[in-house]
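Notes to accompany the following structure.
The values are calculated or read from the model by the stated rules, or taken from the named source; none is laboratory data. What you are looking at is a predicted structure, and each value in this text was computed from that prediction instead of being measured. Glycine gets a Cβ as well: all are built from the backbone with ideal geometry, and neighbour counts include every protein chain shown. In case anyone asks, the SASA skips ligands and DNA or RNA and just uses the protein heavy atoms, side chains included. Shrake-Rupley method; radii C 1.70, N 1.55, O 1.52, S 1.80 Å.
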Amino acid sequence: MKQITGDLLAQIFAPTPRATCVLYAGHAAAFMPQFSITTVNRAAAFFGQVGIESKMLTKVAEDLNYKTPSRLDAMFSAVKGEADAAALIRRGPQAIGNRVYAGRLGNGDEASGDGWRYRGLGLIQLTGKENQAKFGAAIGMALDYVPAYLTTPKGAMHSACWYFAVFKNCNALADGWQISAITLAVNGKAMEAAAERLALSNKARAALA
């Protein structure tokens, strides 16, 4: 497998600027071996998921800036109709996060602020107080510091490697090039952008070989 460099990531994640790719390349080179993401198939499958989840390394926080009430209502069962969705949109992304993730994934109620605080963060979005606490425990970091760490290039890559290899156990699936199964593990039943994840994984595999 080729060495992970800024130029290689720029090739895989085009049109993301090379400077952005350089920010992540060193962390990828450091953390991927720690999580046994060390073969062409494993690295390619990993990058295929990372690219789609992070909009090609350009986002490390869940975008809750919804504009369309019908879309927000369709996405989350905690939203009760389009009028409720419109009211939440007027209040902004923080209010949306606190509502839609309240009482889930180890979060407290809507007033606790946990929904926004522990929204999806990292290159592969790690969502919820419970899941972010698991990552913190795995790396010896107190939960209070985890959300901020997840939004740094180092923490975003660190958490993505942990999520892929440990939390979702995708290395074995990558060995058999089971990209659909990996997408299901990472994204859930929605299987969002499944074709794009496969295409990017294939592109990464060609670049890494």
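List pairs: first in region 186-209 and over 20 Å from Asn171 (Cβ atoms), second not hydroxyl-bearing (Ser, Thr, Tyr), Cβ under 6 Å, 6+ apart or cross-chain?
Matching pairs, first to second residue: Ala193/Ile52; Glu196/Ile52.
Taking the conditions exactly as written (of a type outside the set (Lys, Arg), modelled with pLDDT of 95 or more and more than 24 Å from Ala45 (Cβ to Cβ)), does Gly120 satisfy them or not?
no
Report, ordered by the first and then the second residue, all pairs with beta carbons closer than 8 Å, sequence separation of six or more or different chains, a first member in region 32-45 that is touching a residue at least 12 places away in the same chain (Cβ under 8 Å), and a second member that is among the β-branched types (Val, Ile, Thr) and open to solvent by less than 30 Å² (accessible area, probe 1.4 Å).
Met32/Ile4; Ala43/Ile4; Ala43/Ile37; Ala45/Ile179; Ala45/Ile182
Can you pull out every residue in region 88-101 that is open to solvent by 50 Å² or more (accessible area, probe 1.4 Å) and more than 28 Å from Pro153 (Cβ to Cβ)?
Result: Arg90, Arg91.
Residue-by-condition table, conditions (1) of a type in the set (Phe, Trp, Tyr); (2) crowded, with 19+ Cβ neighbours inside 10 Å; (3) in a loop (DSSP other than H, G, I, E, B):
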| site | (1), (2), (3) |
| --- | --- |
| Gly103 | no, no, yes |
| Asn107 | no, yes, yes |
| Glu130 | no, no, no |
| Ala133 | no, no, no |
| Ala137 | no, no, no |
| Tyr145 | yes, no, no |
| Tyr149 | yes, yes, no |
| Ala165 | no, yes, no |
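Do the conditions hold for Asp7, that is, is it open to solvent by 40 Å² or more (accessible area, probe 1.4 Å), assigned to a helix (DSSP H, G or I) and at pLDDT 95 or above?
Criteria met by Asp7.
Looking at Ala45, Ala85, Ala78 in this structure, which one is surrounded by 20 or more Cβ atoms within 10 Å (Cβ to Cβ), out of contact with any strand residue (DSSP E or B) (no Cβ under 9 Å at 6 or more places or on another chain) and over 28 Å from Asp175 (Cβ atoms)?
That would be Ala85, the only listed residue that is surrounded by 20 or more Cβ atoms within 10 Å (Cβ to Cβ), out of contact with any strand residue (DSSP E or B) (no Cβ under 9 Å at 6 or more places or on another chain) and over 28 Å from Asp175 (Cβ atoms).
Pull out all pairs, ordered by first then second residue, where Cβ-Cβ is under 8 Å, the residues are six or more apart or on different chains, the first lies in region 83-98 and is at positive phi, and the second is of a type outside the set (A, V, I, L, M) and crowded, with 17+ Cβ neighbours inside 10 Å.
none
I'm trying to understand the selection: among the residues of region 19-59, which are within 11 Å of Ala160 (Cα to Cα) and aromatic (Phe, Trp, Tyr)?
Correct list: Phe31, Phe35, Phe46, Phe47.
Just give me the residues in region 168-196 being at pLDDT 95 or above and buried (at least 18 other Cβ atoms within 10 Å of the Cβ), in sequence order.
Matches in region 168-196: Cys170, Asn171, Leu173, Ala174, Ile179, Ile182, Thr183, Val186.
If you take the residues in region 109-128 that are under 16 Å from Leu88 (Cα atoms) and hydrophobic (A, V, I, L, M, F, W, C), which one is surrounded by the most Cβ atoms within 10 Å (Cβ to Cβ)?
The extreme case among them is Trp116.
Collect the residues in region 15-25 that are open to solvent by 50 Å² or more (accessible area, probe 1.4 Å) and either under 16 Å from the mean Cα position of the chain (by Cα) or farther than 16 Å from Ser159 by Cβ (or both), keeping them in residue-number order.
Pro15, Pro17, Arg18, Ala19, Val22
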